[in-house]
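K.L.:
I'd like to ask you about the structure that follows.
The values are calculated or read from the model by the stated rules, or taken from the named source; none is laboratory data. Worth saying up front: this structure is predicted, and the values here are computed from it rather than measured. Every residue, glycine among them, receives a Cβ derived from its backbone with ideal geometry; neighbour counts consider all protein chains shown. Heavy atoms of the whole protein, side chains included, go into the accessibility calculation; ligands, DNA and RNA do not. Shrake-Rupley method; radii C 1.70, N 1.55, O 1.52, S 1.80 Å.
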Amino acid sequence: APSPTTAVPYMSVKCIDVRKNHHKTKWLMPWGPNHCKKLKDFDEAVSRQIEANDIVFAVHVPLPTKEMSPWFQFMLFIMQLDIAFKMDNDLKENAEITLDVSLAYRDDTFSEWEEIAHAIENRKLKCTFSSPKTLESEGRHYDCDFLPFMEIGSVAHKYYLINIRLPVNERKGINVGIGEIKDIRLVGIHQNGGFTKVWFAMKTFLTPSILIIMVWYWRRITLMTRAPVLLEKVIFALGISMTFINIPVEWFSIGFDWTWMLLFGDIRQGIFYAMLLSFWIIFCGEHMMDQNERNQLSGYWKQVGPIAVGSFCLFIFDMCERGVQLKNPFYSIWTTEVGTELAMAFIIVAGICLCLYFLFLCFMVFQVFRNISGKQSSLPAMSKARRLHYEGLIFRFKFLMLITLACAAMTVIFFIVSQVTEGHWKWGDITIQVNSAFFTGIYGMWNLYVFALMFLYAPSHKNYGEDQSNGDLGVNSGEELQLTTTITHVDGPTEVYKLARKEAQE
């Protein structure tokens, strides 16, 4: 697949707003048949006595002769200001710029522009000047950080127009002490259409596969005479959350202007993350084979509780950013000091918690392996058929445990990298290039893992006769063979569990 996103640079055109005299159209186009009256630079504006309030920075998206497409899925815009140094108009400490911004769309080149959003936004300028501030340095540019500008969750129209004003009001101190702004540049980032098609194709193909195995798996469990155990329920719940991510509702975003799709995608992924992390804790816990109370969710509240709290916090954080953007696409949590610190704290704490979680999971897996190795000592005493059966069972189980660790490591890396990639435009100094193989690979890995779990943990209906069993183990002739451990019902415990319990009690 092509790379997931494309970044397109745009240079704004300085238009003169002459509406006061002529009552022309509200929207100013940078080029084309109805283009606005342009200014080369602000020196020309001064000589022609044009006020700052009559200048509009216009950007047309996309570039001439191109069209936007619903396959692009979203648009994210970053702003960069070209600010020159002037002795008599220096940039103040902690300067704040006020933007009067409007966004409009149309679907052909001759119809009128329709407004999508209008807002007055403040952005803090973070700029450095490498040279000494003397007369010789006049005209040199400050080195300014990128500013988050706008994000919309669907690209339903062909053409977009952005008009930006910098209203000046000296009495109120609006846009005073922001230096001499020469130009406004925007960088537009959108998902690649080719990547979107590959992504949709994967979802469309994987949805029925997981659905079929889920139905088969649950049917196997209901055929048993006992009630399903905790591990079986949790695997089924994991299958449901995987199906929730898989269902390709994104196909509708091609025909409908659903701006909430980004938020919906985040919620779906959050539910899956929470389910996957909780599953791994329960999965290892149920195989500990110690004398603790198992097979009930209440036994895991200490481990699952923090995962639920963390997921809820991330949901609140997402609602503060993407939830508000549904109403005002120009809003960003990164624009205020408190917002930036909160956002950074959220991401750093989430990353640290995930790393600690992974170490805890490694410790649990190590304990499970130690238990299983201890139980293998009783294998030589069995008959050949029974011993081979148990060796196969233990080998499969160890293999699944190692795959679980690999899957957990990749998921933790994916979460941290995707957060950094999403945030690096907002921080300005960290750049990570993530290719499409990483996204599709992780997504495919999750599906394969859930598929394998259901396949390996579905109760088997093979019967082993008396002649194949070892009397010391107390195995009944009509017993189901499976990997699951804790079963407290008429059918009695499964073999791996019975083997472990017997050892533990001795």
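K.L.:
I need a count of the residues in region 329-379 that are open to solvent by 70 Å² or more (accessible area, probe 1.4 Å) and over 19 Å from residue 78 (Cα atoms).
P.N.:
14
K.L.:
For residue 203, only one of the following conditions fails: (1) open to solvent by 50 Å² or more (accessible area, probe 1.4 Å); (2) of a type in the set (Lys, Arg); (3) not assigned by the TED database to the domain that holds residue 9. What is its number?
P.N.:
It fails just one condition, (1).
K.L.:
Shifting gears a bit: Looking at (1) surrounded by fewer than 18 Cβ atoms within 10 Å (Cβ to Cβ); (2) under 28 Å from the mean Cα position of the chain (by Cα); (3) more than 15 Å from residue 184 (Cα to Cα), which is the only condition residue 106 fails?
P.N.:
(2)
K.L.:
Here's another thing I want to ask about it. Please work out which one of (1) within 22 Å of residue 76 (Cα to Cα); (2) open to solvent by 30 Å² or more (accessible area, probe 1.4 Å); (3) of a type in the set (A, V, I, L, M, F, W, C) is the condition residue 176 fails and give its number.
P.N.:
Every listed condition holds for residue 176 apart from (1).
K.L.:
What is the one condition in (1) assigned to a strand (DSSP E or B); (2) open to solvent by less than 40 Å² (accessible area, probe 1.4 Å); (3) more than 27 Å from residue 65 (Cβ to Cβ) that residue 122 does not satisfy?
P.N.:
(2) is the only condition that residue 122 fails.
K.L.:
Here is a check on your reading of the model: is residue 417 closer than 23 Å to residue 271 by Cα and either surrounded by fewer than 17 Cβ atoms within 10 Å (Cβ to Cβ) or at pLDDT below 80 (or both)?
P.N.:
yes
K.L.:
(1) without any contact (Cβ under 8 Å) to a residue 40 or more places away in the chain; (2) not in a loop (DSSP other than H, G, I, E, B): which one isn't true of residue 111, the others all being true?
P.N.:
Single failed check for residue 111: (2).
K.L.:
Something else: Looking at 132, 148, 167, can you tell me which residue is free of Cβ contacts under 8 Å to residues at least 60 places away in the same chain and either open to solvent by less than 30 Å² (accessible area, probe 1.4 Å) or more than 21 Å from residue 63 (Cα to Cα) (or both)?
P.N.:
Criteria check complete, one pass: 132.
K.L.:
Mind checking whether some residue in region 293-300 is touching a residue at least 24 places away in the same chain (Cβ under 8 Å), more than 25 Å from residue 121 (Cα to Cα) and open to solvent by 50 Å² or more (accessible area, probe 1.4 Å)?
P.N.:
Checking region 293-300: at least one residue is touching a residue at least 24 places away in the same chain (Cβ under 8 Å), more than 25 Å from residue 121 (Cα to Cα) and open to solvent by 50 Å² or more (accessible area, probe 1.4 Å).
K.L.:
Taking the condition open to solvent by less than 70 Å² (accessible area, probe 1.4 Å), under 29 Å from the mean Cα position of the chain (by Cα), in the same structural domain as residue 186 (by the TED database) and not hydrophobic (A, V, I, L, M, F, W, C), does residue 30 pass?
P.N.:
No, not satisfied.
K.L.:
Among 252, 256, 283, which is the only one that is closer than 26 Å to residue 324 by Cβ, at pLDDT below 85 and over 17 Å from the mean Cα position of the chain (by Cα)?
P.N.:
From the options 252, 256, 283, the qualifying one is 256.
K.L.:
Then there's this: When you look at residue 90, is it modelled with pLDDT of 85 or more and charged (D, E, K, R), yes or no?
P.N.:
Spelling it out, it is not the case that residue 90 is modelled with pLDDT of 85 or more and charged (D, E, K, R).
K.L.:
Take residue 315 and decide whether it is open to solvent by 30 Å² or more (accessible area, probe 1.4 Å), modelled with pLDDT of 80 or more and either assigned to a helix (DSSP H, G or I) or assigned by the TED database to the domain that holds residue 271 (or both).
P.N.:
yes
K.L.:
Next question. Scanning region 46-70 for residues that are touching a residue at least 12 places away in the same chain (Cβ under 8 Å) and in a helix (DSSP H, G or I), which turns out surrounded by the most Cβ atoms within 10 Å (Cβ to Cβ)?
P.N.:
70
K.L.:
Residues in region 312-342 that are hydrophobic (A, V, I, L, M, F, W, C), under 17 Å from the mean Cα position of the chain (by Cα) and farther than 18 Å from residue 122 by Cα: how many?
P.N.:
Total satisfying the criteria: 7.
K.L.:
Okay, next question. Which pairs do you get when a residue that is farther than 14 Å from residue 407 by Cα, found in region 346-365, comes within reach of a residue that is of a type in the set (S, T, N, Q), reach meaning Cβ atoms under 6 angstrom, with the pair 6+ apart or on two chains?
P.N.:
347/419
K.L.:
Separate question: Within region 380-394, which residues are basic (Lys, Arg) and surrounded by 14 or more Cβ atoms within 10 Å (Cβ to Cβ)?
P.N.:
386, 387, listed by residue number.
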